[in-house]
Structures are given as structure tokens and as C-alpha cells.
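The next block holds one structure in the form of C-alpha cells; read it before the comments.
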Amino acid sequence: MDQNDSSPETPDARKDSDLIAAARGAAVHSYAPYSRFKVGAALRFADGTIVTGTNVENASYGLTLCAETVAVGQAMAQGRRGGLVAVAVTASGADVVTPCGRCRQVLMELAGLGGTDPLIHCCGESEVRTARLSELLPAAFGPARLA
Ligand SMILES: [Zn+2]
């Protein structure tokens with residue numbers, strides 16, 4: 001996280017305000033009838049394309065999909081392999097939300113294919129904390145480990 005910036009948003013977050021808005025827009029379509037915790041994720045690729053996802057809960061609970069995982073699946077379904085440069089994650093509630101451990105690994109798979117280390121904008125209602133994926137998932141196991 002950028003601890004040297006006293007504003008609620010880092011310069012990188014201000015630059016990616018459209019990406020954050022896309023994540024907030026995706027959260028509107030959240031399927032979260034059990035937790036009511038609506039999450040949105042948006043991925044930016046090197047060509048400028050934004051791909052979004054939202055959380056999809058399941059009555060069995062354990063089969064619930066996080067917004068970030070849905071977004072990565074959507075991007076993969078479009079044939080994207082790598083080129084991930086930034087991610088925004090938003091959720092209902094005021095607190096800053098960060099990707100869960102599973103989603104960090106899922107994001108690493110897509111980032112690792114292109115050798116990028118995307119910015120991750122973890123958004124709250126009035127605050128954004130930004131970190132590199134490598135900071136959120138140090139010593140990660142990625143595609144390069146199997147090459
Ligand atoms: Zn997750």
C-alpha cells in the first residue's frame with residue numbers, strides 16, 4: 001500500500017478512476033442473496049480494455065464465486081492471456097476491500113502469463129489503497145514456476 005500519500009486515493013487510483021467506476025458498476029449486478037455483500041471487480045488490459053465481474057453466491061455457500069475470479073474467467077473466455085495492468089475491487093460497505101487469498105492466486109495466473117505485476121486498487125466508500133499484486137501475494141506460485 002502507498003503509505004506516503006495522505007489523500008484517500010493514491011495517484012494511481014485517481015488515474016484509474018474509470019476502472020474503479022467500472023468495478024462499482026459491476027457490483028450492481030452482484031448475486032449475493034445470502035451475504036448481501038455486493039462485490040465488483042474490473043480488470044484493465046494493456047490495450048485499454050476493461051473486463052468486469054461480480055460475485056455470484058450459491059445456496060451451497062462453498063461454490064460461491066468471487067468477483068475477481070468471475071472477471072478473470074470472463075477475460076479468459078475472451079481469449080485474453082496476460083496483459084493485465086490494473087485491477088479494481090469494490091464492495092458494499094464503507095471499508096476498503098481486498099482480494100481474498102484465492103483471488104490473489106487467480107489474478108497471479110493471468111498476470112503471470114503476460115509477465116505483468118498489476119496495480120490492485122482496493123476500494124472503500126471514500127478511500128482507495130493501491131498495491132502491486134506482488135505485494136499482496138509475495139513469493140507467489142505462478143505459471144513461470146512450471147515453465
Ligand atoms: Zn476471492
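The values are calculated or read from the model by the stated rules, or taken from the named source; none is laboratory data. Owing to the predicted nature of the structure, the values given are computational and were not obtained by experimental measurement. Please note: Cβ atoms are built from the backbone with ideal geometry, for glycine as well, and neighbour counts cover all protein chains shown. Only protein heavy atoms, including side chains, enter the accessible area calculation; ligands, DNA and RNA are left aside. Shrake-Rupley method; radii C 1.70, N 1.55, O 1.52, S 1.80 Å.
The table below lists the values:
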| read-out | value |
| --- | --- |
| Residue in region 29-45 that is basic (Lys, Arg), buried (at least 21 other Cβ atoms within 10 Å of the Cβ) and more than 16 Å from the ligand (Cβ to nearest atom) present | yes |
| Qualifying residue in region 137-146 (condition: within 16 Å of the ligand (Cβ to nearest atom), in a loop (DSSP other than H, G, I, E, B) and within 21 Å of Ser17 (Cα to Cα)) | no |
| Matching residues in region 100-147 - criterion: being in contact with an Asp or Glu (Cβ under 7 Å, 6 or more places away or on another chain) and more than 23 Å from Ala27 (Cα to Cα) | Ser134, Gly142, Pro143 |
| Which listed residue is touching a Leu at 6+ places or on another chain (Cβ under 6 Å), open to solvent by less than 60 Å² (accessible area, probe 1.4 Å) and part of a strand (DSSP E or B), from Val51, Val89 | Val51 |
| Residue that is least open to solvent (accessible area, probe 1.4 Å), among those in region 117-147 that are over 15 Å from Gln105 (Cβ atoms) and of a type in the set (Ser, Thr, Tyr) | Thr130 |
| In region 64-81, the residues that are outside any helix (DSSP H, G or I) and surrounded by fewer than 16 Cβ atoms within 10 Å (Cβ to Cβ) | Gln78, Gly79, Arg81 |
| All positions within region 90-121 that are within 16 Å of the ligand (Cβ to nearest atom), over 16 Å from Ala144 (Cα atoms), among the hydrophobic types (A, V, I, L, M, F, W, C) and touching a helix residue (DSSP H, G or I) at 6+ places or on another chain (Cβ under 6 Å) | Cys103, Ile120 |
